[in-house]
Amino acid sequence: MNQPETSVTSRIGQWASRQLANYDAHHPGTLFAEGLVLNVAEGYELQSAVAELRQRRGEQIIGYKVGCTSPKIRAQLGIDHCVTGRLYDSEQHASGAVLSRTRYANLAIEGELAVELSREPTVDDFSGVEVPACVARVFPVIELHNHVMRGKQPSAGELIANNALHAGVVAGCGASAEETSGEPLLAIFANDRLLDECEGASLIQTIGSSLEWLMEILRARGERLSAGQIILTGSIPSLIPVGEDCCIRVDAAPFGRAEVKFIT
């Protein structure tokens, strides 16, 4: 299905309809199994076209994710730079949710910190090492993924076109930076068994670096961040497959916890 560059834009609408139908059927990205290859710009164009279709049917974009922020995740996915995807209101779950693994294609999760914005970020928000002043609250999330890459080689174009593998969020309540104190720690558990963890300044630094990168890339394509939007700032630990029924918990001191029970 390799297409001449001049024909990509004319085919985006057709591909977007197929992408969304495949996503709804829990069998995402079949176009790439048939040989479709996209570059980064084309991947974002297709992601945007799918977003327009989802908005037409009533879904709302509530924010963005930043992905491929850590060496571990980049090595797993074969990508050497950050990517972004959209968050939808229809895929938000509160901590304590019970979800069926059959809703996802090769389910995998990431434990990370997310933020809610109090206003649009500015360059001045990123002059220090603390949580940026544009952040209203920080909270732990379990990000859900359709961990499927169908192309012959890993590519950023496919990853981006598949909304950076994003398939939903399980979120804790969190707190503002002013309401918390102490060294940050994030630990991921399955049935109380520790899977991965990280601690220290890197957790806060990731919030700032991800927000700054996202602000710049969105402005370059004529979009802006705004108050109330949710941003997933990227995982430092690995992308973790979920191949059996279990309870996943993310403890993120001092910002709280998020947990979900997966069933068949």
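If you look at just the Cα atoms of the stretch 154-197, how large are its Rg and its Dmax in Å?
Radius of gyration, then largest Cα-Cα span, for the stretch 154-197: 16.0, 42 Å.
Rg(Cα) of the stretch 17-140 divided by 2.2 N^0.38 Å? Intermediate results must be reported in sequence, preceding the final value.
On the way: Rg = 16.7 Å, N = 124, 2.2 N^0.38 = 13.7 Å.
Rg over 2.2 N^0.38 Å, computed on Cα atoms: 1.22.
How many percent of DSSP beta bridges within the chain run antiparallel, rounded to 5? Don't skip to the end; give the middle numbers.
Working: 46 of 56 bridges.
Rounded to the nearest five, the antiparallel share is 80 percent.
Report the convex hull volume per residue for the stretch 10-67, counting only C-alpha atoms, in Å³.
Working: hull volume 6.0 nm³, N = 58.
Here the figure is 104 Å³ per residue.
I'd like the accessible area for Tyr104: 1.4 Å probe, protein heavy atoms, all chains in place, Å² to the nearest 10.
20 Å²
Given labels modelled 7 Å from the Cα in the Cβ direction, how far is it in nm from Ala41 to Arg150?
2.6 nm
How large is the accessible surface per residue of the chain, computed with a 1.4 Å probe and reported in Å² as a whole number?
About 43 Å² of surface per residue is accessible.
Accessible surface of His26 in the full protein assembly, 1.4 angstrom probe, to the nearest 10 Å²?
My reading of the accessible area for His26 is about 80 Å².
Quick one: of the DSSP bridges fully inside the stretch 67-193, what percent are antiparallel, nearest 5?
Numbers: 19 of 22 bridges.
Antiparallel bridges: around 85 percent, rounded to the nearest 5.
Can you give me the % of accessible surface on the stretch 64-148 that is carbon or sulfur? Probe 1.4 Å, all protein chains present, nothing else counted.
On the way: 1570 of 3120 Å².
Answer for the stretch 64-148: carbon and sulfur cover 50 percent of the accessible area.
Where a ≥ b ≥ c are the square roots of the eigenvalues of the C-alpha gyration tensor, would you call the stretch 111-264 rounded, which needs a/c under 1.5, or, failing that, prolate if a/b is larger than b/c, or oblate?
Working: a/c = 1.98, a/b = 1.15, b/c = 1.73.
It is oblate, given that a/c is not under 1.5 and a/b is not larger than b/c.
Going from the alpha-carbon gyration tensor of the stretch 174-264, what semi-axes, largest first and in whole Å, does one get by taking the root of 5 times each eigenvalue? Present the calculation step by step, with values, prior to reporting the outcome.
Details: eigenvalues 147, 63, 32 Å².
Equivalent ellipsoid semi-axes, largest first: 27, 18, 13 Å.
Once you order the gyration tensor axes a ≥ b ≥ c over the Cα atoms, which shape class does the stretch 101-176 get: rounded for a/c under 1.5, otherwise prolate or oblate by comparing a/b with b/c? Intermediate results must be reported in sequence, preceding the final value.
Details: a/c = 3.38, a/b = 1.73, b/c = 1.95.
Cα axes put the stretch 101-176 in the oblate bin.
Sticking with the crude label model, points 7 Å out along Cα→Cβ, report the distance from Asp192 to Glu212 in nm, one decimal please.
Going from the Asp192 label point to the Glu212 one covers 4.2 nm.
May I ask for the net charge around Leu31, where only other residues with Cβ less than 15 Å from the Cβ of Leu31 are counted and Lys, Arg are +1 while Asp, Glu are -1?
Working: positive: Arg11, Arg18, Arg150, Lys152; negative: Asp24, Glu34, Glu42, Glu45, Glu158.
Local net charge: -1.
How big is the chain by Rg and Dmax over its Cα atoms, in Å?
Over the chain's Cα set, Rg and Dmax evaluate to 17.8, 55 Å.
Helix 8-24: angle to the longest alpha-carbon principal axis of the chain, degrees 0 to 90, nearest 10?
It works out to around 60 degrees.
May I ask for the angle, rounded to the nearest 10°, between helix 40-56 and the longest principal axis of the chain, with both axes built from Cα atoms and the value confined to 0 to 90°?
In the chain, helix 40-56 runs at an angle near 80 degrees to the longest axis.
Could you pull out which residues in the stretch 121-158 have an amide N less than 18 Å from a spot 7 Å beyond the Cα of Ser181, following the Cα-Cβ vector?
Correct set: 130-131.
The values are calculated or read from the model by the stated rules, or taken from the named source; none is laboratory data. Note that this is a predicted model, so its numbers are computed, not measured. Cβ sites come from the backbone with ideal geometry, for glycine too, and all protein chains shown count toward neighbours. Quick note on the areas: whole protein, heavy atoms, side chains included, nothing else; ligands and nucleic acids left out. Shrake-Rupley method; radii C 1.70, N 1.55, O 1.52, S 1.80 Å.
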